Structures are given as C-alpha cells and as structure tokens.
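What follows is calculated from the coordinates using simple rules that are stated; it is not laboratory data. Please read these numbers as outputs of a predicted model, since none were measured by experiment. Here Cβ is always computed from backbone atoms with ideal geometry, including for glycine, and neighbour counts include all displayed protein chains.
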C-alpha cells in the first residue's frame, strides 16, 4: 500500500496518540457489542448504543485536558467517558446497576454518566439540561479566572430544547470557555433531522454570537481538529464554539426502540459503509502506524479487556436496599 | 438569639438586602444572578447597590430565561461557587421547574452522593399586593413535594436573616420564599451579629392552651392578630410559625396539639393538596386521640389563581375576620 498523506502531525498528534485513540474507539465498540449480547441474554434490561459515534466522541474528547477540563456529556457518550477516565468495568457496573457503578451506584439507568473524579458532571434523562450546567460551570471557570474549558455534548434533537438555546445565549453573551458539540446522527429516536431542525445546527451559532462549524463525525481526525481549535480558542479567552459533527447510529435509539419502524435497512447498511473504525484503520495503515497484524492483535487485546470488565462487573455486588434512602440530603435522614 | 444584644429595627426586604450584602462581603464565593438584579438592583430592591459594591462578575444580570437562571446556577454550584439565584416573581419560576426538580433536587441522590448542590433560590411569592393571577401565587406545595429540595418561608425580619444565612450555609438546594406583602409591612428587631436558624424548627410565635393555629408567611401575621382579638375573650390560641416547610417540624405541632386538643392550619395557597393537607394528615396519623374537635383548614379557594380587582382579591385571601371566626368556632367546639 502506498504511503498516504499524513494528516495527524500538523494537528500535533503523535503515533502514540493515534494508537490510543484507536484503542478507545475499539473499546467503545466492543463494549457496545457486549452490552447488546448481555441484553439478548436477559442480563441487561436496557442498553444505550454508541456504535457509529466513536470517532466523533473520541476525536472531540481528545482535544480536552483530562483532570482540568470539565465534561457534560449525554447518554450516547460511552466512548467519550472512556476517554475521560471510565474503564470498561465501570461501564458494565452501570449497565447491570451494581453498587460500585461510579455514575450512580446503580440508581440511574445505564449511560447516565457522572463522576466528580473524572470531571464528568452527573447527567439525567431529560434532554439538554446538561448544556445549561456546562454554561454555569464555564461561567464559574471564567469568574475564578481558571483556564479550564468545558465541553458539552448532545444530539441534534437536543438543539430543540429551550435549555440548549439558553446555554448558547449565555455562552455567547459572556464569551464563556465552552465548546458545544452536536453529534448529529439525523434521528432523535424516530424523528428525522428534517422535522427537527429548521436550517442547519451549526448555522445557529451565528445567532448567538459565536462561530459554528460542521465536520465529518465519522472521521476521528477531523473531529479532533475542529474541537482542538475550539478548545484552544476557549482557553485563550476567545469564547465558545458550536460544532456539528455529522454521524450515524448503527443500532436503535436504545434496546427499547425498533429502528425498522422509521428507517430502512438499506439506509443503515449504507451508513455502515462509512463506519468510523475501519476508516481509521485504513488511515493508520496508510501512514504506517499499524499493520494488519497489529490491528488484529489490538482487537484481540481490547476484546479480552472488555470481556474481563464485563465479567468482573457481573460478579460485583448489588446495591443494598438499606442504602436506598442515603444521599437525598447531605444532612437530613429521610423515611 | 442576639449575642451582644445589638439589634436594629428593619422590615423584611431591608433585612434580606442587608443579610445578602454582608454575606457577599464575607464570602467571595457568593454570587447573585437573576433578572434585573444588577443595574436595577432587583425589582424589589433586594440587590440595591450590589453591582457597585461587588461588580459584574458577582452580580449577574441574566437573560430573561428562568430555565437558564436555574441551570446556570446549578453549574456555578457544581464548580464551587455559592450562587443565590433570584426568580423575580415566584409565578415565573415554572420555566425553571425542570431544572430545579429534575436536576437540582436529584443531583445528590442520582450520583449516590458524588455531587451536591449548595444553591439558594429566592422567590418573592404571595398575594395581597394587587398582583393578580401572575404576581400573587403561592408555589410552595409544588416544590415541598420534591425530595432533595428544602423549602422555607420565613415571616419575620429576624427569621428572614437567620434562615437566609442557613440557606447559604446549606449543602443542598434551598428554595427561599419571601412573602411580598410582608416585605415592607412587617418590621422587627434584627440582631446585627451573624446567626442561623436551623431548618425543620417551627417557632411558637404566641403561646396558648386552647387552640393550636399553624401558619406561615402573611397568614402567620393574620393569625397572630386574630389570636390577640380572642385573648380579650379569654381564649388563648397557640400560634405556630412553621417557617420551614420542608423539613417540616411536626414535633412542635404535635406537642402543641397534645396540649390544646384543637388544631387549625391557615395558608393562602390552594387548600387542596397544600401544606395544610400534609399537616392535617400527619396530625390525624399521629395525634388522632389527642383531638377534641375537627382538624380545621383555611386555605385559598380552588380557582386557578388570585384575581385582580380589589373585591375579588379580598374574596380570595383568608383575612383576620374569617380566621378569628373559625378560631372561635373551634375553641367553642
């Protein structure tokens, strides 16, 4: 194979970065496949799939500084929280609802991420509420003159909520160190983008006094490049950015949804031809970072790690019902 | 309560202003945000002079978006600041309902204690100010229903200060309700030193052995007046100011009922499913055999909100005459 054009060096990415990014994408994909398997076996009542979004999530998350920057994700962001610090075992502890689930100790549905240790702000099910929290954290960072940046992620459906518009407005007015990342997969459960968004998501940025860009969310380097520029601008005090990373989800919205009722098999198959993982493998091979043997080896290693994480989580303890009244308040007992 | 005895007479709104001002001077993590809190100093003047003293970073005029006010305040608290959010009128808090109830109230529980939100939400509420449907509402029942929130409604300047400081020290979200009619009507001695009043402690504002009368907000003052009228006839009413609606101090209520055997609850919120319903239910559950008369509730009528015209507003609000009449009836039962 002829050596392809190097796109990563000018982005400041080293070979080790590429390999790690690839590993996170694989980990997310294999976690997803395993959670669907567990769902079919009746061991996991509820699954929120990530497959298809790995490049958008890993590429955008990679632009942030872990330990300093703050993440306000949404439920689709399995790959993103892996980059932020979750392990596969953490993911499966949440999937089963085990006591050591770092997000909620088994209180929330799976994929409602949160961990103060990893600077991931606890999330909920109502759509786009986290976007306002991100604006509040970003305002705090600005008032305290810290150079941390906040990232918040959502689907194109989330851009319909008032919370989203309020956060965009606040961020624009106060030039907050905040990056808005829309993972546009064209469907909010069943409702197509054409019935969800008047105009284009990224063009809404103009109305809120900030730049907006769209990019190929199936391309991890493109996702990284756009987000890195936005994070750099935010850190330099130049304000927020709205990014629209276009991608596709390969499975239904959740395990309780059936996507055959609103999109064709042909459309899904067509989208899978733009699967971000094989696309990145091709790139890694053409720039001689990995070869087929190394890729096969990494796939095996990652699969094993995911399986081990799932197994450990499955064997972990359930939460004790006697703890269910804890943490309603810091200082009050409830009945 | 006062340590060195120094105290000043003030009304409720001046007390809230001064308390917040002093606390912002004391703790630079405190920021206020809301509509018109900056240049205008708040439509009720609670943040008058704040912008000049503390600057735009700590006195934040927000866009006209109550959902934003609640959501941004949550984010500020997540990152270690001590936000005090003002909802200009309680009637307008509802665009923020989702953020307050689904987010603020559930942050600690849903993260298994990993996140907590020290967050104060101030909201002027209540009627009798010619505010009609959308500037008169009592909103406490919606929020007191939600585990994870604390809801308080002080009625006097003394309590307004101690409970505001308690709210600002509290590790969890507190909805701090300020009855608009009491703002300038009710005056009292306010100690100059810093003090807090723990939540979940009702206050017996008048002692008596014949009837227990439970109230808060403007109605507390109506009840006190009615009780003093009855005292002339030898009927002694014990008037309890709940102050804290959640946590609710039923011990004080039950102890009083044990003494008087008669209880009435007065509130201007809709009678149906209001605070009085909870107090009445708990009295029935826990003190049934202490009772020597029916549990009486006086509450707002079941119309969507308070109408404007003076005659209609008077019709809506429980007044001293009506409360006196019901008190007398219960005492003589």
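Could you work out the relative contact order of the stretch A:9-306, using alpha carbon pairs under 8 angstrom and six or more residues apart, expressed as a whole percent?
Result for the stretch A:9-306 is 22 percent.
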Q. Hey, if you drop one equal point scatterer on each alpha-carbon of the stretch B:203-331 and run the Debye formula without solvent, what base-10 log of I(q)/I(0) do you get at q = 0.10, 0.11 Å⁻¹?
A. -0.28, -0.34
Q. In the Gaussian network model of chain B, springs joining C-alpha atoms below 10 Å, which of B:262, B:181, B:205 carries the largest mean-square fluctuation?
A. B:205
(Q) Run the simple label-point estimate for residue B:315 and residue B:185 please: 7 Å along Cα→C-beta, distance reported in nm. (A) 2.0
Q) residue A:333 versus residue A:14, label points 7 Å from Cα toward the beta carbon: distance in nm? A) 5.5
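Under Stokes-Einstein, with the Kirkwood radius over Cα pairs standing in for Rh, what whole-number D in µm²/s applies to the stretch B:247-308 at 4 °C and 1.567 mPa s?
Rounded, D is 105 µm²/s.
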Q. What FRET efficiency would be calculated for the residue pair residue B:272, residue B:8, taking the C-beta separation as r and a Förster radius of 35 Å, to the nearest 0.05?
A. 0.30
Q) Could you give the angle, 0 to 90 degrees to the nearest 10, between helix B:218-231's Cα long axis and the longest principal axis of the Cα atoms of chain B? A) 30
Q | Cα-projected label distance for residue B:36 with residue A:311, points at 7 Å along beta-carbon direction, nm | A | 6.6
Q) Which residue fluctuates the most in chain B, going by a Gaussian network model with Cα springs under 10 Å, if the choices are B:153, B:277, B:167? A) B:277
Q: Report, for the protein assembly as shown, the % of DSSP beta bridges that are antiparallel, rounded to 5.
A: 20
Q) Which value in deg cm²/dmol, rounded to the nearest 500, describes the helix-derived mean residue ellipticity at 222 nm for chain B, given -39,500 (n - 2.57) per DSSP H run of n ≥ 4 and division by the residue count? A) -10000 deg cm²/dmol
(Q) Please check: in the Gaussian network model of chain B (C-alpha springs, under 10 Å), which one of B:108, B:26, B:194 has the largest mean-square fluctuation. (A) B:26
Q | Relative contact order (%) - the stretch B:1-158, alpha-carbon pairs under 8 angstrom, separation at least six | A | 21
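For residue A:6 and residue A:294, FRET efficiency with R0 = 22 Å and r from the beta-carbon atoms, rounded to 0.05?
0.75
Take the Cα gyration tensor of the protein assembly as shown, multiply each eigenvalue by 5, square-root it, and list the three semi-axes largest first, rounded to whole angstrom.
Result for the protein assembly as shown: semi-axes of 54, 27, 21 Å.
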Q. Which percent, to the nearest 5, of DSSP beta bridges fully inside the stretch A:105-236 are antiparallel?
A. 35
Q: Would you please state the base-10 log of I(q)/I(0) at q = 0.07, 0.13 1/Å for chain B, with intensities from the Debye formula using one equal scatterer on every alpha carbon?
A: -0.28, -0.96
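Counting pairs of Cα atoms in the stretch B:139-287, how many percent are more than 26 Å apart?
Numbers: 2467 of 11026 pairs.
That tail contains 22 percent of the Cα-Cα pairs.
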Q | Share antiparallel - DSSP beta bridges, the stretch A:9-306, percent rounded to 5 | A | 10
Q) With no solvent and one point on each alpha carbon, what is the Debye value of log10 I(q)/I(0) for chain A at q = 0.07 Å⁻¹? A) -0.28
